[in-house]
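Peer 1: Please read through the structure below; I'll follow up with questions.
Rule-based calculations on the coordinates, nothing more; no lab input. Only a predicted model underlies this, so the values are computations on that prediction, with no experimental measurement involved. Here the Cβ is made from the backbone with ideal geometry for all residues, glycine too, and neighbour counts use every protein chain on show.
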Amino acid sequence: MEWFKQHITGIFIHYINILFMFVLMATCYQIDDFNYFYITLLYIGFIMVYLFFTGVLNTALKKFIFVLLSLVALVILAFIFKASIIDFFYRDLVENIIIINDKLYNNQITFFYLFKPTITVVLPLILIILFILYEHRITEGILILTFSEMIFFWYLEYKSEVRSMLLPFAIISVMTYMLNNYKKTQSLFQKKGIYSTINGGKLFVNIIICSIIASIIALPLPQEIEGKDSISILKAIDGKGKGSKGLINIETAAKGAFGIGQTGYSSTEKRLGGPLQLNNSLAFKVKSEKSYYLKGHVKNEYTGYSWRNTVDDLEELNSKIMLEAEKARKSNPNMSLFPTTELKEITIYPVGLRTTSFMVPMYTNNIKYHKEGIIVGEDRAVFLMSSNIDKEYTVEFYDVDYTDINQDYYGMYYVQDKDYVKYLQLPEGITERTVDLVYDLVMDCSNNAEKAKKIRDYLSENYTYTLNASVLPEGKDFVDYFLFEDPKGYCVHFATSLAIMYRIAGIPARFVEGYKMNDALLKDGVYNVTNDTAHAWVEYLVTDDLWAISDCAPTAFEENLQPVVEEPKEETPKPDPDPQTNKPENTPNTSNNNSKNESKSNTIKLKVKSNSLFIVATVLVLILIGLCIGISTNRTRKILSSESSIPLYNYILKRLKRYKIKKDPALTDKEFAERQEKELQEILLPLTKLVYDE
């Protein structure tokens, strides 16, 4: 029992860190029904064996005999059950790992039973190594392992998952480091005959409080370093000049395509929703006459909890490919949608954003880039390169006027045309009340233009924008949960609901991720596009090959500019100009007068300045804490290394003053020691004798 008391700190530290590692793994790998009780049982079983080995077997000879007998027993068992072991290795380990890799590659949910055999084998081996290191006072082993796992998942592009675990990671790491160093110092004192009477419970509480405070202070610090995935491997293969270069280029481009998860949002391909912590880091700059929606990625399949792209339309740009504007013009020859005089240009200068996707407005006609080999998704009108885009590029596009359409251009050909069926897809789990809500909203509409506006207005008027959104409960449909149970969220919630409600109403729609430029960030003809202007919206089909933007939520940047509130706007291509029809609405840009621009600019500057001051203050506090720790450590080292007992005696007197035990100048040191309680006498009297001897 005495051994257990001596090792309780190490046992607790390792258990908490091991649990954290599995929580992180379960979060990143989307492991369903993860069994933490099983992990706890494995850990307890190991501790019992470890307690027996180091506590009961208290001599080197006993330990040697035990290890020898254990190895002999294992060899015999391996020989007897050789077939079962081989079967276990291939069926439960190798095959499960292959299944896990396939599921992760396809971004599917995994299950605990697939990981269980590997965990059963690997966890005890890891614990053996960690506790051997701990016994030899190398207490940082568990810290290094936990930190390595965080880096591993960060560089595998699980950035949002790792960010969500930063606070518990910081708390556990600081607590682990402090407890380990306390045990080291206590052991060092005991070797020198100095025994501490510090209350362990109070110390533990103080360590927890300090860990939480230090972790919260660290949260606002920058977290923008990008991770890496298999893109670098594909680049290496591509560089060898193999015959499959075109295929490799496309695969590499697809792997590095833009996702809103790169900007601080949770990845929409893994799990929608959850609270966010965005930053206003500069992604890129745009030289433009006005603001636009710039799309980077388009997704078509809604699973009930995520968005995926199943459209295999990527190929290298060539003369045979018909771009978006050309397709719309050919399919609608009677509409003067894209006159040559309306061809505009914007130039984009990448800064912090690392992606293979070009950020483009709708109806892009051409991209001028210093490298050849542009890849286009013809169906979705997205443009990519085989490597991260790090140089400026110019985009030519048709600046189409947008307005609501008061004529029904839709027909049953949507259901029959295979090109549009994928944009009407609904998951099996779509709820009846969601369908009923849409039908109730559009039952009095005479055409699809009215349906689109009715649904968009309903969402913008009845639901609340917030970044502090709830985590989607298991088994719930994301749209249903947002519409009926938790009516608040950010652009992902609004755009997902809008797209699905359009589809229920018979309107083909797709989910778009990109950025929405804002006039408040315009200076000298150049727009700063920051991560808090990252956005999700919907493109819906008006008629053959003619898509339009629909948006019913602000960006995080626009929300921070409140109380300046703008009406959600609908972008729909304007058909043949007719002076008798309604005048077109403005494009969905934030148009403001000079006074508003000035006010918004001041708000932005103030926000950036306050963030900078907070970071500077945090750094200064951390430096101050470091200096205090360094001074204290240096003083303790001098006391312990001194050949004289006087520094230690003076230090003890100083510490006693903090507990209101002061030495009367009229008393000798021996008299002062004799007047203390018995426990304190046992410490002071021998030390007083040493001081007198000197």
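Peer 1: As an exercise, use a Förster radius of 30 Å and the Cβ-Cβ distance of Glu450 and Lys330 to find the FRET efficiency, rounded to the nearest 0.05. Mind showing how you got there, number by number?
Peer 2: Working: r = 28 Å, r/R0 = 0.93.
The calculated FRET efficiency here is 0.60.
Peer 1: Ok, one more. Based only on other Cβ atoms within 10 Å, what is the fewest-to-most ordering of Glu378, Glu135?
Peer 2: Details: Glu378 17, Glu135 13.
By the 10 Å Cβ count, ascending: Glu135, Glu378.
Peer 1: Turning to a different aspect of this structure: Simple spin-label model, 7 Å along Cα-to-Cβ: Thr40 to Thr464 in nm?
Peer 2: Inter-label distance under the simple model: 3.6 nm.
Peer 1: Still on this structure, I have one more. Which order do peptides 508-517, 74-83 fall in by mean Cβ count within 10 Å, highest first?
Peer 2: Numbers: 508-517: 26.1, 74-83: 10.3.
In descending order of packing, they fall as 508-517, 74-83.
Peer 1: Quick one: Thr533, Thr185, Thr364, Thr464, fewest Cβ neighbours within 10 Å first, how do they rank?
Peer 2: Neighbour counts put them in this order, fewest first: Thr464, Thr185, Thr364, Thr533.
Peer 1: Once you have all Cα-Cα distances for the range 47-92, histogram them in 5 Å bins from zero and send the whole-percent values.
Peer 2: Binned Cα distances yield the sequence 5, 20, 17, 16, 13, 14, 10, 4, 0.
Peer 1: For Thr59 and Cys628, compute 0.36 nm times the residue count separating them, minus their Cα-Cα distance, and round to one decimal in nm.
Peer 2: Values: separation 569, 0.36 × 569 = 204.84 nm, distance 4.24 nm.
Going from the current span to full extension adds 200.6 nm.
Peer 1: Counting other beta carbons within 10 Å of each residue's own, what order do Ile171, Ile8, Ile375 fall into, fewest first?
Peer 2: Details: Ile171 20, Ile8 11, Ile375 23.
Exposure proxy ranking, most exposed first: Ile8, Ile171, Ile375.
Peer 1: Right, something else. Give the calculated FRET efficiency between Asp436 and Arg91 to the nearest 0.05, with a Förster radius of 51 Å applied to their Cβ-Cβ distance.
Peer 2: Details: r = 48 Å, r/R0 = 0.94.
For R0 = 51 Å, the calculated efficiency reads 0.60.
Peer 1: Right, here's the next one. Could you work out how far apart the two model spin labels at Phe52 and Glu316 are, taking each label as a point 7 Å from the Cα in the direction of the beta carbon, and quote it in nm?
Peer 2: 6.5 nm
Peer 1: Rounded to the nearest 20 debye, what is the charge dipole size of the range 1-127 about its Cα centre when +1 sits on each Lys and Arg Cβ and -1 on each Asp and Glu Cβ? Walk me through the numbers before you get to the answer.
Peer 2: Values: 7 positive and 7 negative charges, 90 e Å.
For this selection, approximately 440 debye.
Peer 1: Non-local amide H neighbours of Val542 (under 5 Å, H modeled in plane, Pro and chain starts lacking H): which ones?
Peer 2: Amide H to amide H, under 5 Å and 5 or more residues apart or across chains, Val542 pairs with Trp547, Ala548.
Peer 1: Of Lys488/Lys523; Lys103/Lys454; Lys454/Lys516, which ones are farther than 30 Å apart at the Cα?
Peer 2: Working: Lys488/Lys523 33 Å; Lys103/Lys454 39 Å; Lys454/Lys516 23 Å.
Exceeds cut-off: Lys488/Lys523; Lys103/Lys454.
Peer 1: For the range 2-164, place one equal point scatterer on every Cα, skip the solvent, and apply the Debye formula. What is log10 of I(q)/I(0) at q = 0.15, 0.19 Å⁻¹?
Peer 2: Values, matching the q order: -1.00, -1.33.
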